[in-house]
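Structure first, then comments.
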Amino acid sequence: MSNRYVIVLAAGKGTRMKSKLYKVLQPVAGKAMVDHVMTQVEQLKPDLIETVIGTGAEKVEDLLKDRTKYVLQKEQLGTAHAVLQTEKDLGTKKGMTLVVSGDTPLFTAETFENLFNYHEKEHAAVTVLTAAADEPFSYGRIVREDDGSVSKIVEEKDATEAEKEIHEVNTGIYCFDNELLFKSLHQVKNNNAQGEYYLPDVASILKEQGKKVVAYQMDDFSQSIGVNDRIALSQAEKLMRKRINESHMRDGVTLVDPDNTYIDYGVEIGNDTVIEPNVKISGQTKIGSDCLIGSGSRLEDATIEDNVKIISSTVESATMHKGSDLGPNSHLRPKAEIGQDVHVGNFCEVKNAKIGDRTKVGHLTYVGDATLGTDINVGCGVVFVNYDGVKKWHSNIGDHSFIGSNSNIIAPVEMADHSFIAAGSTITSDIPKHAMAIARQRQTNKEDFWNRLPLSNSEDWK
């Protein structure tokens, strides 16, 4: 098998995106477009991957790091000029070179592999990746010879009426004989309206030299979407999410309404988990088996073990262990860790805190900067007061403790095992084992209070 090389074109400015973010870094399903492309070409295990960078070069390098070599295109003078920048590393090598664009996130490794194989089988100088488009307007048409080889690639504006009826279109992806590629690049002219050097001209040059130019038509036209503006970005996002959702369903995940379920690339979900509509799952989230993720939930960089139930809640950079449940309308913030069989109920917030196994935090509670042991009952309206205006303080609550409703725990506080806090208390000191802390004023009833009120006999007060 011939040596394989890949050139990724990622130097374009992307002005039509109208964004401060460099075009190839625009996310599709939570992952930058050029990262999608790189992930697919890496699966080919090529001998060299070289990425042509330009505007925003540093940010592309920060993202892809050492997964590729880089070459800078200082001036954006067209696709042929971009490929020519790699001549120092690739110009004299024997083998096949795949040229792909960093703004085409939907191509798969399988498609690239098929293109390489077809090119090698045909002993071609150039193989153009093509697809059949139902609406080919604006695409370059593939005009074939009687033997099936490519006669020419004609752009929409230059096509005759007969050529406009052709539905096989150029996807902008090419496989070249590497040595012929670099010899021909020096012959490309920029005598066009844009004054740029275009890569498709290489195919024409080699054709004129009698070299073999062929086309490999792939089955799935949707892969060929190039993203140049926000409309195309949304289309790519929709197609990628459909692909991701179908993959999860094939792996045994139930998506009640796939069209309204938003799962990022790279999320892991175990079988027999049910995802209800209007759920967003992103980042490095991992979800176990037999879970229920209810409508309206949002999970980001979350670790969710088996048999967990989340109802209409948010989990970000937090962990839920087996059998725990959350919500509705609660929020696990970064560094929250929920133990096995823990119940965190309605309108609760947990941040930088560990809650031990079988502990119950029922409703309307804030737990921040605390460690709670096992088998604790936390009543309604409890607040861990962790911030003094300068520093965050930590509290520790022992196993089998009881915290009464509407209590404030002014950190730092140490509660021993089997200790108690009476409802309505404000706790500022440590509590020993088996003790009950009561920190509230004794109730006083004012006798005859009603009759002493002004206008107490008025109808308005009765």
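The values are calculated or read from the model by the stated rules, or taken from the named source; none is laboratory data. Keep in mind that what you see is a predicted model, and the values were worked out from it rather than measured. Neighbour counts are summed over all protein chains in view; Cβ atoms, including those assigned to glycine, are modelled from backbone coordinates with ideal geometry. Just so you know, the surface numbers come from the protein's heavy atoms only, side chains and all, with ligands and any DNA or RNA stripped out. Shrake-Rupley method; radii C 1.70, N 1.55, O 1.52, S 1.80 Å.
Would you mind stating whether Ile142 is at pLDDT 90 or above, out of contact with any helix residue (DSSP H, G or I) (no Cβ under 9 Å at 6 or more places or on another chain), over 25 Å from Gly91 (Cβ atoms) and open to solvent by less than 10 Å² (accessible area, probe 1.4 Å)?
Taking the combined requirement at face value, the residue satisfies it.
Of all strands (runs of 3 or more DSSP E) completely enclosed by segment 287-365, which ones contain at least 2 residues that are in contact with a Gly (Cβ under 9 Å, 6 or more places away or on another chain), free of Cβ contacts under 8 Å to residues at least 40 places away in the same chain and open to solvent by 50 Å² or more (accessible area, probe 1.4 Å)?
343-346, 349-355, 360-363
Determine, yes or no, whether Asn396 is of a type in the set (S, T, N, Q), touching a Gly at 6+ places or on another chain (Cβ under 9 Å), open to solvent by 90 Å² or more (accessible area, probe 1.4 Å) and at pLDDT 95 or above.
No, not satisfied.
So, in segment 270-283, exactly how many residues are of a type outside the set (Lys, Arg) and either assigned to a loop (DSSP other than H, G, I, E, B) or open to solvent by 20 Å² or more (accessible area, probe 1.4 Å) (or both)?
Residues flagged as of a type outside the set (Lys, Arg) and either assigned to a loop (DSSP other than H, G, I, E, B) or open to solvent by 20 Å² or more (accessible area, probe 1.4 Å) (or both) within segment 270-283 amount to 9.
Identify the residue in segment 222-257 that is open to solvent by less than 40 Å² (accessible area, probe 1.4 Å), in contact (Cβ under 8 Å) with a residue 24 or more places away in the chain and assigned to a loop (DSSP other than H, G, I, E, B) and, among all such residues, is nearest to Asp134 (Cα to Cα).
Of everything passing the filter in segment 222-257, Ile225 is nearest to Asp134 (Cα to Cα).
Kindly check whether there is at least one residue in segment 409-430 that is open to solvent by less than 40 Å² (accessible area, probe 1.4 Å), within 28 Å of Thr314 (Cβ to Cβ), of a type in the set (S, T, N, Q) and in contact (Cβ under 8 Å) with a residue 12 or more places away in the chain.
No, the conditions are met nowhere in segment 409-430.
Within segment 258-269, is even one residue open to solvent by 70 Å² or more (accessible area, probe 1.4 Å) and more than 18 Å from Pro105 (Cα to Cα)?
Scanning segment 258-269 turns up at least one residue that is open to solvent by 70 Å² or more (accessible area, probe 1.4 Å) and more than 18 Å from Pro105 (Cα to Cα).
Within segment 20-38, take every residue that is of a type outside the set (A, V, I, L, M) and in contact (Cβ under 8 Å) with a residue 60 or more places away in the chain and give me the one that is nearest to Phe176 (Cα to Cα).
His36
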